[in-house]
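Here's the structure, in structure tokens; my notes come after.
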Amino acid sequence: MNYVVFDLEWNQCPYGKHREVKSLPFEIIEIGAVKLNTEREIVDQFHRVIRPAVYPTLHYRTKEIVHMDKATLQSGMPFKEAVREFLTWCGPDSLFCTWGTIDLVELQRNMKYYRCLNLLKGPLHYYDVQKLFAISYETMKSRRSLEYGIDYLHLEKDLDFHRALSDAMYTAQIFQTIDMAVVLAYDSIDVYQNPKLKKDEIHAVYNGYTKFISREFTAKEEAMADREVAATHCCLCGKNSRKKIRWFSVNSKNYYCVSMCPTHGYMKGKIRMKRTDEGNVYVVKTIKVSSEMEAAEIRHKRDLLREKRRKKRHE
């Protein structure tokens, strides 16, 4: 088993969102990666520049960030050829590592656009090094830039940032500093290729919380009517915990609830509605250990929403 730490650079429509290709808002122009063995020693590297076909002119922000001249860009290879070489180089037994959650999504979105998504079966378990850095060195909720992480750890900055191979190398160096117990306890799941059937739904258990990823539904109302979606099992013992505050929506995407496990106390539930490219929805639900104070805050939030909606109906 190997770890493949990779980074992407991409371009976007230089003429504004009204002229972008909706199925490909960001076109990958560079792939950089380093391979680490089981001891997390760097053993190989990969780099390809990709000649853009959808947005051949660089957006001004891309020019400012990436610092790639036109000649270098035009000498690149087609995306399908580059991604095939990349996945072959990765091998079948590699685990992806990225800084943040975006690179895996954009890789798959580009593959879908070029009709080669079948080369990478999802959902994908991977390591979000940005999250692992936050858990190890700051707070679980903080999300820092890659350069901040390098500075925090006093690592050498001898490569340019915002080039794919350089950023992959920096990410790998930070990954090498993370305690392996943290790495193994906090893997991530990318669901760009979300579960399609009930048998494919994902139940994951972590330290202090659980995650459930549902199959697709035609609408959020159908999703919330599903028993598994609405269930509130204790994230520590797995037993059903009684709802103290039933699921309520804060907006069209997020739902909250509070339940009580007789053994482990308050549990906070959060549901995020995710929409597929085809317009269906699926659910990402987390259940976390909570407190009486946090339960009171959620109750207050629910009551404020009820009052606001009551006034709106009255008006």
Segment 191-225 - residue that is among the acidic types (Asp, Glu) and out of contact with any Asp or Glu (no Cβ under 8 Å at 6 or more places or on another chain) and, of those, least open to solvent (accessible area, probe 1.4 Å):
Glu216
Could you look through segment 41-84, keep only residues that are of a type in the set (Val, Ile, Thr) and open to solvent by less than 20 Å² (accessible area, probe 1.4 Å), and pick out the one that is farthest from Asp160 (Cα to Cα)?
Val83
Going by what's in this entry, would Thr38 be described as assigned to a helix (DSSP H, G or I), in contact with a strand residue (DSSP E or B) (Cβ under 8 Å, 6 or more places away or on another chain) and hydroxyl-bearing (Ser, Thr, Tyr)?
no
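Which ones in segment 107-138 are in contact with a Pro (Cβ under 9 Å, 6 or more places away or on another chain) and modelled with pLDDT of 95 or more? Reasoning before the result, please.
If we filter segment 107-138 for residues that are in contact with a Pro (Cβ under 9 Å, 6 or more places away or on another chain), which is where we start, we get 109, 114, 123.
Answer for segment 107-138, where residues must be in contact with a Pro (Cβ under 9 Å, 6 or more places away or on another chain) and modelled with pLDDT of 95 or more: Arg109, Tyr114.
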Exception for Lys121 within (1) under 27 Å from Glu30 (Cα atoms); (2) touching a residue at least 40 places away in the same chain (Cβ under 8 Å); (3) loosely packed, with under 13 Cβ neighbours inside 10 Å; (4) touching a helix residue (DSSP H, G or I) at 6+ places or on another chain (Cβ under 8 Å) falls at (4)
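Against the definition (outside any loop (DSSP other than H, G, I, E, B) and either modelled with pLDDT of 95 or more or in contact with a Ser or Thr (Cβ under 7 Å, 6 or more places away or on another chain) (or both)), how does Glu9 come out, yes or no?
Values: outside any loop (DSSP other than H, G, I, E, B): yes; either modelled with pLDDT of 95 or more or in contact with a Ser or Thr (Cβ under 7 Å, 6 or more places away or on another chain) (or both): yes.
Yes; evaluated as a whole, the condition is true for this residue.
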For segment 232-253, indicate whether the set of residues that are open to solvent by less than 60 Å² (accessible area, probe 1.4 Å), within 20 Å of Arg215 (Cβ to Cβ) and not in a helix (DSSP H, G or I) is non-empty.
yes
Set Leu184, Leu155: member being among the hydrophobic types (A, V, I, L, M, F, W, C), within 25 Å of Thr38 (Cα to Cα), out of contact with any Cys (no Cβ under 6 Å at 6 or more places or on another chain) and assigned to a loop (DSSP other than H, G, I, E, B)
Leu155
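Those residues that are of a type in the set (Ser, Thr, Tyr) and over 23 Å from the mean Cα position of the chain (by Cα), I need them from segment 28-63; list them, please. Show your work before the answer.
First, the residues of segment 28-63 that are of a type in the set (Ser, Thr, Tyr): 38, 55, 57, 60, 62.
Within segment 28-63, Thr38, Tyr55, Thr57, Tyr60 qualify.
Can you tell me which residue is most open to solvent (accessible area, probe 1.4 Å) among those in segment 22-40 that are under 26 Å from Gln176 (Cα atoms) and free of Cβ contacts under 8 Å to residues at least 40 places away in the same chain?
So the residue we want is Glu39.
Matching residues to (1) among the basic types (Lys, Arg); (2) in contact (Cβ under 8 Å) with a residue 60 or more places away in the chain; (3) open to solvent by 40 Å² or more (accessible area, probe 1.4 Å):
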| site | (1), (2), (3) |
| --- | --- |
| Leu87 | no, no, no |
| Cys97 | no, yes, no |
| Val105 | no, yes, no |
| Arg115 | yes, no, yes |
| Tyr126 | no, yes, no |
| Val129 | no, yes, no |
| Met140 | no, no, yes |
| Tyr148 | no, no, yes |
Can you find a residue that is more than 24 Å from Ile135 (Cα to Cα), open to solvent by 60 Å² or more (accessible area, probe 1.4 Å), without any contact (Cβ under 8 Å) to a residue 12 or more places away in the chain and charged (D, E, K, R) anywhere in segment 254-275?
yes
All but one of (1) touching an Asp or Glu at 6+ places or on another chain (Cβ under 6 Å); (2) open to solvent by 40 Å² or more (accessible area, probe 1.4 Å); (3) closer than 20 Å to Val289 by Cβ hold for Ser188; state the number of the condition that does not hold.
(2)
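The values are calculated or read from the model by the stated rules, or taken from the named source; none is laboratory data. As the structure is a computational prediction, the values presented were derived from the model and not from experiment. For neighbour counting, all protein chains shown are included, and Cβ atoms are generated from backbone atoms with ideal geometry for every residue, glycine included. We work out accessible area using only protein heavy atoms, side chains counted, and drop any ligands, DNA or RNA first. Shrake-Rupley method; radii C 1.70, N 1.55, O 1.52, S 1.80 Å.
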